[in-house]
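The next block holds one structure in the form of structure tokens; read it before the comments.
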Amino acid sequence: MDIRYYQTFLTLAETRHFGQAAARCHMSPSAVSRQLQRLEQQVGQRLIERDNRQVHLTPAGRHFLEYARKAVDDWQQLRSDLSASQITLSGTVTVYGSVTASYGLMTQILPRMREVYPGVEIKLRTGDQADGMQRVLRGEEDAAIIARPDHFPDKLEFLPLQRTPLHLIGPRTPSALSRQLDRCIATGEEPDWPHLPMVLAERGLARERLLAWLQTRGHAPNIYAQVAGHEVVVPMVSLGLGVAVVPEMVILHSPKQSTIRMLPWITDLQPFALGLCASEEQTRDPLLQALWQVAASCYPQP
């Protein structure tokens, strides 16, 4: 069973709220619900009961809670034991990423690095995520947080950490665009894509996947604005300037989250696989191996 499911269950048991658990785990409430359903299927018992306000542990859930805690503790202890021999490492590792990706992923990795490798300093450099891979290839950074592209260079290694869906978003506040979207939703019709204003990141995977989606349907995008990075896209959408496709992680960490809404179209875009990339040669360095090991323990894969 995936250790991440245990960690999600523990967070849900602590918060007693799907929305709060989802925010802490950097997931959507529906993803938390799906993980819970899979746990319940494998355990063969209902673990959670919910009412209109919060969730409650069933007797089976309370019993499973102790098992999950021990499983997570044992896993973390194992990772710590395996890395104990390298605790004397010292030096600096540079990691590049967008503000959102750095905050969303490194907040779990950094405390663990300080605990296991106190002599290793992580220097975070932030900017447009689309630049990360090239900065690593040019030797400007030891590693970068990226969304893995469809075509990945052979010279690089990729450590998957988390998946985040892509969502089409529009303004929630009253505007001409909001009224146009409301009419489409009410009638069940798709928008007039060639005339629907869009806000796009200047570069990057979300842009590529949206444009490919439109192209396969014979639509040319009506680009209202192009900006650097997803973090700037959300505020522009909230002003009613256009719709956009952005990663769910960006939505969850945006201060403008309450002023935008997810729209019921373009729901089949391939999610982002977020993770660390580094040159194949660099991953042999003990300092980067330490970061790799800790990151893998914080985000264990199925």
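So here's what we get for this one:
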| item | result |
| --- | --- |
| Total residues in the range 136-157, condition in a strand (DSSP E or B) and open to solvent by less than 40 Å² (accessible area, probe 1.4 Å) | 6 |
| Residue, surrounded by the fewest Cβ atoms within 10 Å (Cβ to Cβ), within the range 1-37, restricted to residues that are within 17 Å of GLN162 (Cβ to Cβ) and of a type in the set (Lys, Arg) | ARG34 |
| Residue, farthest from the chain's Cα centre (by Cα), within the range 88-106, restricted to residues that are over 20 Å from VAL234 (Cβ atoms) and of a type in the set (Ser, Thr, Tyr) | THR88 |
| Total residues in the range 188-203, condition open to solvent by 20 Å² or more (accessible area, probe 1.4 Å) and at pLDDT below 95 | 8 |
| Near pairs, Cβ below 6 angstrom, 6+ apart or cross-chain, from the range 194-212 (under 18 Å from THR267 (Cα atoms) and touching a residue at least 40 places away in the same chain (Cβ under 8 Å)) to any residue that is surrounded by 15 or more Cβ atoms within 10 Å (Cβ to Cβ) and basic (Lys, Arg) | LEU200/ARG207 |
| Checking VAL234 against (1) under 20 Å from ALA273 (Cα atoms); (2) within 19 Å of the chain's Cα centre (by Cα), the condition it does not meet | (1) |
| Those residues of the range 203-245 which are among the β-branched types (Val, Ile, Thr) and within 20 Å of GLY97 (Cα to Cα), in sequence order | VAL227, VAL232, VAL233, VAL234, VAL245 |
| Test for GLN289: is it among the polar types (S, T, N, Q) and farther than 15 Å from LEU159 by Cα | no |
| Tabulated pairs, the range 164-187, first touching a residue at least 24 places away in the same chain (Cβ under 8 Å) and open to solvent by 80 Å² or more (accessible area, probe 1.4 Å), second not in a loop (DSSP other than H, G, I, E, B) and not charged (D, E, K, R), C-beta under 9 angstrom, 6+ apart or interchain | ARG172/SER178; ARG172/SER238; ARG172/SER258; ARG172/THR259; ARG172/ILE260 |
| From LEU78, LEU89, LEU82, LEU39, residue being farther than 30 Å from ALA144 by Cα and either in contact with a His (Cβ under 6 Å, 6 or more places away or on another chain) or at pLDDT below 90 (or both) | LEU39 |
| Wholly enclosed helices (runs of 4 or more DSSP H) of the range 165-264 bearing at least 3 residues of a type in the set (S, T, N, Q) | 176-187 |
| Filtered residue count, the range 47-77, keeping only those that are open to solvent by less than 80 Å² (accessible area, probe 1.4 Å), over 26 Å from the mean Cα position of the chain (by Cα) and under 30 Å from GLN293 (Cβ atoms) | 1 |
| Residue among ALA244, ALA295 that alone is within 20 Å of MET133 (Cβ to Cβ) and buried (at least 18 other Cβ atoms within 10 Å of the Cβ) | ALA295 |
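The values are calculated or read from the model by the stated rules, or taken from the named source; none is laboratory data. Note that this is a predicted model, so its numbers are computed, not measured. Glycine also receives a Cβ, built like all others from the backbone with ideal geometry; neighbour counts cover every protein chain displayed. Keep in mind that these areas ignore ligands, DNA and RNA; they rest on the heavy atoms of the full protein, side chains included. Shrake-Rupley method; radii C 1.70, N 1.55, O 1.52, S 1.80 Å.
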